[in-house]
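First comes the structure, then the notes that go with it.
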Amino acid sequence: MEKPLLEIKNLSKSFGVTRALQDVSFSISKGTICGLVGENGSGKSTLSSIIAGMQGSDSGELILEERVFTPHNISDASSQGVSMVVQEKGTINKLTVAENIFIGKEEQFLVGNLISKKKMNEAADSVLKLIGAEEIKSEAMIDELNFEECKIVEIARAMENNPRLLIIDETTTAIAHKGRELLYKLIKEVKKNGQSVLFITHDLDELQMVSDEIVVLRDGCFIGKRVNQNLDVQELKAMMVGREVSDN
Ligand code: ADP
Ligand code: MG
């Protein structure tokens with residue numbers, strides 16, 4: 001068994017009376033693609049946004065490669081190797097593609113007191129090339145792009161960081177064939193490099209195609225983890241809707 005990259009320990013989070021996460025514990029191994037499923041409202045986005053530093057938990061902890069991991073914000077998580085592509089639109093319209101990819105990291109392009117747009121654009125072009133999306137131009141404004149292209153820019157932003165853990169929250173729901181293929185290819189490459197992916201989708205065919213192991217959440221609770229090989233889809237569905245006894 002590979003060493004865990006990330007251990008999620010007894011994580012809980014409430015919004016008023018809604019218990020979005022209740023004592024959730026599981027781990028993600030190095031070099032694996034961990035699928036995360038559950039009905040709408042089961043806590044998938046809450047869990048992933050805590051891991052990505054977008055919000056804190058009420059209790060519990062995260063351990064990243066044997067160290068306590070408490071990201072204070074997205075940049076903090078990203079600098080420690082955890083990047084996320086969010087479920088909703090995550091790009092800023094009034095900025096260019098390059099500015100979106102390097103948001104919060106502009107300092108690396110300082111020449112004297114000024115940020116060199118040329119250097120930033122070149123760096124953005126090479127990230128876009130790396131992920132196989134060279135048709136998106138670094139100088140383009142985000143509002144000139146369609147939703148799928150914006151998602152690809154977000155994927156570039158997440159990959160720019162060479163993350164140890166890439167979190168993808170239902171991105172494929174909103175994108176069509178080209179974007180999906182690009183994403184599947186990228187996920188495989190990330191895995192080949194020994195990095196891990198937390199892949200959230202509610203498309204069970206896609207889940208089975210992409211994941212090594214699958215974690216099920218229901219009503220904010222961890223229900224179980226299964227190895228994808230020889231997975232029984234009926235069992236998975238039953239776990240999601242609650243016709244099965246929890247093995248936690
Ligand atoms: P999923 O991603 O699995 O659909 P979420 O994590 O988005 O589920 O939501 C889990 C529960 O927490 C839902 O009941 C949702 O309405 C609630 N919730 C999530 N975020 C917030 C928030 N910022 N404020 C209030 N309730 C929230
Ligand atoms: Mg969600």
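Nothing in this text is a laboratory measurement; each read-out follows from the coordinates by a stated rule. Predicted model, so just to flag it, every value in this text is computed and none were measured. Because the Cβ atoms are built from the backbone with ideal geometry, glycine has one as well, and the counts that use them run over all protein chains shown.
Give me the net charge of G220's neighbourhood, meaning all other residues with Cβ under 12 Å from the Cβ of G220; Lys, Arg count +1, Asp, Glu -1.
Result for the local shell: 0.
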Item to complete: Using amide H atoms built 1.01 Å from N in the peptide plane, name the residues 5+ places from C221, or on other chains, whose amide H lies under 5 Å from its own.
Response: Q22
Discussion item. Between the stretch 105-121 and the stretch 60-80, how far is it from one alpha carbon centroid to the other, in angstrom?
Written reply: 27 Å
Worksheet entry | Helix-only [θ]222 nm of the chain, DSSP H runs n ≥ 4, -39500 (n - 2.57) each, per residue, nearest 500 | -9500 deg cm²/dmol
Practice prompt. Within the stretch 158-248, list the trypsin sites (Lys or Arg not before Pro) lying in a DSSP loop whose Cβ has at most 10 other Cβ atoms in a 10 Å radius.
Written response: R243
Practice prompt. Note the full-extension length gain between M54 and E39 as 0.36 nm times their separation in residues minus their Cα-Cα distance, in nm to one decimal.
Written response: 3.2 nm
Discussion item. On a straight-distance basis, which lysines could pair with K225 in a cross-link, Cα separation under 25 angstrom, same-chain partners fewer than 8 positions away excluded?
Written reply: K3, K9, K13, K30, K44, K185, K188, K191, K192, K237
Item to complete: Give me the number: length gained by fully extending E235 to R19, i.e. 0.36 nm times residue separation minus the C-alpha to C-alpha distance, one decimal in nm.
Response: 75.3 nm
Worksheet, complete the sentence: Long-range alpha-carbon pairs in the chain, meaning those over 30 Å apart, account in percent for 26 percent
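Quick one: length gained pulling N10 to R67 fully straight, 0.36 nm per residue minus the C-alpha distance?
Working it through step by step, the gained length comes to 18.9 nm.
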Discussion item. I'd like the GluC sites (Glu not before Pro) in the stretch 93-135 restricted to DSSP loop residues with at most 13 other Cβ atoms within 10 Å, sorted by number.
Written reply: E134, E135
Item to complete: Could I have the simple spin-label model distance between L95 and Q208, label points 7 Å from Cα toward Cβ, reported in nm to one decimal?
Response: 4.0 nm
